[in-house]
Structure formats: C-alpha cells, structure tokens
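Structure record follows, encoded as structure tokens.
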2 protein chains.
Amino acid sequence: MTAPKVRSPRKPKGQGAERREEILDAALKLFSAKGLHTVSTRQIAEAVGISQPALYAYFATKDDITAELCIRAFAILVERMEAARADFTPTAESFERALRVYVDFGLENPDAYRVAFMVEKGLDGTYKERVGDRPMMAGIGAFQRFAEIVGEVRDAGLTHDDDVQRITQTLWAGLHGLVSLLIARADFPWVEREVLIACHISLLRRGALKGVA
Amino acid sequence: MTAPKVRSPRKPKGQGAERREEILDAALKLFSAKGLHTVSTRQIAEAVGISQPALYAYFATKDDITAELCIRAFAILVERMEAARADFTPTAESFERALRVYVDFGLENPDAYRVAFMVEKGLDGTYKERVGDRPMMAGIGAFQRFAEIVGEVRDAGLTHDDDVQRITQTLWAGLHGLVSLLIARADFPWVEREVLIACHISLLRRGALKGVA
DNA sequence: GTGATAAGTTATCACTGATCGATTATTGTG
DNA sequence: CACAATAATCGATCAGTGATAACTTATCAC
C-alpha cells in the first residue's frame, strides 16, 4: 500500500522552466482541493513526480509558490479590468458591470484571492519579509485599473464624493467583504448567491452614485 | 544566554481553571504581538511558565485556544450590539452609529476578528472538524443582533430592500470588507483612517436606506 | 499517614519547511 | 566518440512544529 512514487523523467538541460510550470500547476490543484495550509511541500513534490528538495531549485520558499500563483491570477484580473474599462461608459449599468468583474474574478480564483488579501501577514511584517509585497502589488495593479473607472464616473459628476481614492477604497472594501466572506465562509446560510451579489452591487452603486434610485 | 525558563509554581488542586486563564492571557498577548501562525505552543507555554505538553491538559488543540479567545471577544461584541440596539431609533444617524459599533469592535479586537472571519478553513472542512463552528456561531450571534437593528429600520420603511436577511448580509459584508482589509493590510496607503471609516459607513447607509441623501 | 487524584513533567512521535553535499543525465566542444 | 561542464535532481539530515504516552509530584480528604 506504499505510494507508487511515480517519478517524472528528468528534464532536458534548458527545460527547467517547464518543471517550474508543472510545480505551479500541481500546487494550484492541491491548494484548491485541500486549502493552502494543509498542503505540504512533499505532497506538491509527489504530485509533480520529483523529490521534495527539488522544489527549492525553482522556488526559494513554499510561500514563493503561492505568491507566484497569486501574481499570475491578478494579471488576469488586470486584463479583465482593462477590458471592462475599454467598453466603459459612465452609466449606472456599466458601473455595476465593472463591480461585477471584481466579484466574479474573486470567486473564480479563490486561492489567488486568499493569498493576496486574506493570508495573514504577521504583525511584525514576517510575511512581507518572506514573499515581498509582490502579490499585493499585483492586486493593487488591478485596484488602480478600478480606480481609473471610478475616476470616469467622478468626472461625469455621478458620484456623491469627489475624492477618487476615497471612493475607490471604500468600494473596494465593500467588494472585498463580499468576496472574502463567500470564499472563507462558504457554508454560512447565505441568501441565494446570485441574488446576494446583485443586491450587494446595487447597494454599493446606490451608495456611491447619485441620482439613480 | 540560554532562556531562564522561569517556571510558574504548581497550582493548588482545584485551581486548574486559573491556569487556563493564564494560558489564554499569554496566548492573546503573543498572538497580538506576532500573529497567529508564527506563535508556537512552546512559546505560549514558556510565557505561562509551564511545559508545552501541560497546555494539553486545558486545551485539546492549539486551535482550541484561539477559538476560545475568539468566542470571548464576540461575547463582547454581542454586548455592544445589544447596547446599540437598546438606545436605537430608526434614524439615519442611529443607524450609522450601529454600523460604527461593528467597525470599532473589529479594529479593537483584530485577533479575535481574524480567528472568527479570516482564518482559513480548509476547503475540505478541516478547520471545522478541528475547532467546531463555535467561534463562527459566536460571530453569528453578534450578526443576529445586528439583523434585529436592520429589522427595525426596515419596519420603519426606511430601507430600499424589504428582505432583512438580504440587507443584513450585504451590510455585514460591506463592514467586514473594511475591517478585514484595515487589519490584514494595515500598510496599504489608505486614506486617513477616520475619514475612510466615516466615508464607508455613509456609503453603506446611502445604499441601504432611502430618502436621506 | 495513606490513597486518590489534580497538575505537571520528560521523552518521544510523525510531520513540517528547508539545507547540504553528492550524484546523475544531458549538453556543446575537441 | 570522449570529455569536461553543468543543469537537474536526489538522499540524508536539521531544527522546529503540534500532539501523545507514560511517568512523577504535590496537594487534598479522611
């Protein structure tokens, strides 16, 4: 009953990067299935078909693996945000669609989202020292795209508040609250998810924009 | 330079509960100073002045310690919520004050808040199996008090939405977003904190209540 | 005093992330 | 084809983690 320990064949000389991708793939699958903390480096290595120390040829620490996954996911969010901005018009409907992009991304990439915004940092900055703030910077990149959209509705005179940073941070917090709770507390007796999301987004819209009841 | 290892004198026979309190006190301090994951059971034991296995006479697992801390903190929130409800009148001002109670509690008890709402659960329900959902139930207790307040403004005909559960969950998510981000990402270039909180709360109020601009 | 037992100990386990030094396998070059 | 260079990888091992088992010691009621 001992594990078969199927070893993946050694990579040709220049193809270490390929192994790196395999590690990221395996890690993402395991994290998604079992959660970040419960997955060990040995489990990841076995899934890839290499020894556990071999991981450290490609990543300095375990946290670096999660950080990399997170950065990649946020690159996708930035893309989506830019797409949302491309066909954005300063209307309530378009604004709600933009908010929805954020929510959908979070729910489709729960693990990346966790790493970027929900992983404990340690009050002494331990986490920061370990992985740097690259994952968060990636998240902020998306945040800035979002701020640009908010800027447009502000310039159109639709917002209650004039300060773009202020509105954006507030809206972001509002969106993050929903996403993070739906991820972290999936078994809470939530109202039907689609309804809740729609409800939440229109509440945020009403709170931020004036005129439209 | 080796640790002095000051041992606390053995407790008299019936006074084990007292040691339990000492453990909770020490754990709370350490968690607050260094973060949950970076504090080991050995560190807690040394702070108390007992051996590490002695902890297990009072708590079945490390998670049980954090869970207990969390439950106690939420008992305080319930108290505050009930106080807020006691002198609650269905007005915009009173409503905003109630929202503020939640935010203040979260920021004053960041560690309890983390344990209850931000700690990873493991997608297979691992966390639930370990500590039960008692901490979350404690949080929900507070949530229900909050729902009662929302019910009052609904009954006064002040809300856009009629469904109390729906509004409450939405508002809760909105509040949680701000609190959790301020806790987990304290070094983000936030707008001045007091301003942000005021802004956020009035956005939520505008989104939930009608009439008051 | 004498058991009973609460309170606490030491030793140890399986597991974690991480490091070291040695060992392959593949490669471009002579 | 042989060979040195080196990328890729492994086995052994380390300190630290949460947790358990078996044992000791202080305190209590009688």
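Any read-out appearing in this document is the output of simple, stated calculations on the displayed coordinates, not a laboratory observation. Values in this document were obtained by computation on a predicted structure and should not be read as measured data. Counting neighbours? That spans all protein chains shown, and the Cβs are built from the backbone with ideal geometry, glycine included.
Sum up the charges of everything whose Cβ sits under 12 Å from the Cβ of B:V164, counting Lys and Arg as +1 and Asp and Glu as -1, but leave B:V164 out.
Charge balance near B:V164 sits at -4.
Simple spin-label model, 7 Å along Cα-to-Cβ: B:K29 to B:E79 in nm?
Output for this residue pair reads 2.2 nm.
Return the ratio Rg/(2.2 N^0.38 Å) for the range A:1-122, where Rg is computed over Cα atoms only.
Normalised Rg, Cα atoms only: 1.32.
From the mean inverse distance of alpha carbon pairs (Kirkwood) and the Cα radius of gyration, derive Rg over Rh for chain B.
Numbers: Rg = 20.3 Å, Rh = 19.2 Å.
Using Cα coordinates only, the ratio equals 1.06.
Name the aspartates and glutamates eligible as straight-distance cross-link partners of B:K210: C-alpha to C-alpha under 18 Å, and not fewer than 8 places from it in the same chain.
Correct list for B:K210: A:D161, B:E93, B:E96, B:E152, B:D155, B:D161, B:D162, B:D163.
Starting from the Cα of B:K13, step 7 Å along the direction of its Cβ; do the same at B:H37; then give the gap between the two resulting points in nm.
That separation, rounded to one decimal, is 4.6 nm.
By how many degrees, 0 to 90 and rounded to 10, does the Cα axis of helix B:62-86 deviate from the longest principal axis of chain B?
It is inclined by approximately 30 degrees.
For the protein assembly as shown, evaluate the Debye formula with one uniform point scatterer on each Cα (no solvent term) and list log10 I(q)/I(0) at q = 0.06, 0.08, 0.10, 0.14 Å⁻¹, rounded to two decimals.
-0.29, -0.50, -0.77, -1.31
Helix B:16-34 versus the longest principal axis of chain B: what is the Cα-based angle in degrees, 0 to 90, to the nearest 10?
For helix B:16-34, the angle is close to 70 degrees.
Taking the alpha-carbon centroid of each part, what is the distance from the range B:1-59 to the range A:140-175 in angstrom?
Centre-to-centre (Cα) distance: 47 Å.
If each of B:A86 and B:V195 carries a label point 7 Å out from its Cα toward its Cβ, how far apart are those two points in nm?
Spacing of the two 7 Å Cα→Cβ label points: 3.6 nm.
Within 10 Å of each residue's Cβ, count the other Cβ atoms and sort B:R42, A:R19 from fewest upward.
Listing B:R42, A:R19 from fewest to most nearby Cβ atoms yields B:R42, A:R19.
What list of ³J(HN,Hα) values in whole Hz, one per residue of the range B:147-153 in order, does the Karplus curve 6.51 cos²θ - 1.76 cosθ + 1.60 (θ = phi - 60°) give from phi, with Gly and Pro shown as x?
Rounded to whole hertz, the list is 4, 5, 5, 4, x, 5, 5.
Quick check on chain A: helices-only [θ] at 222 nm, where DSSP H runs of length 4 and up contribute -39,500 (n - 2.57) each and the sum goes over total residues. Nearest 500, please.
For chain A, the value works out to -21500 deg cm²/dmol.
Could you tell me the ratio Rg/Rh of the range B:155-213? Both radii from Cα atoms, Rh via Kirkwood. Each step should come with its number before you reach the end.
On the way: Rg = 13.4 Å, Rh = 12.7 Å.
Rg/Rh: 1.05.
In the structure shown, do any of A:K29/B:K34; A:K13/A:K34; A:K34/B:K29; A:K34/B:K62; B:K11/B:K62 have a Cα-Cα gap over 28 Å, and if so which?
A:K29/B:K34; A:K13/A:K34; A:K34/B:K29
Normalised by the number of residues in chain A, what is the relative contact order in percent for Cα pairs under 8 Å and 6+ residues apart?
Relative contact order for chain A comes out at 20 percent.
How far is helix A:193-208 tilted off the main Cα axis of chain A, in degrees rounded to 10, range 0 to 90?
Value to nearest ten degrees: 50.
Could you put A:L171, A:L158 in order, starting from the residue whose Cβ has the fewest other Cβ atoms within 10 Å?
By the 10 Å Cβ count, ascending, the order reads A:L158, A:L171.
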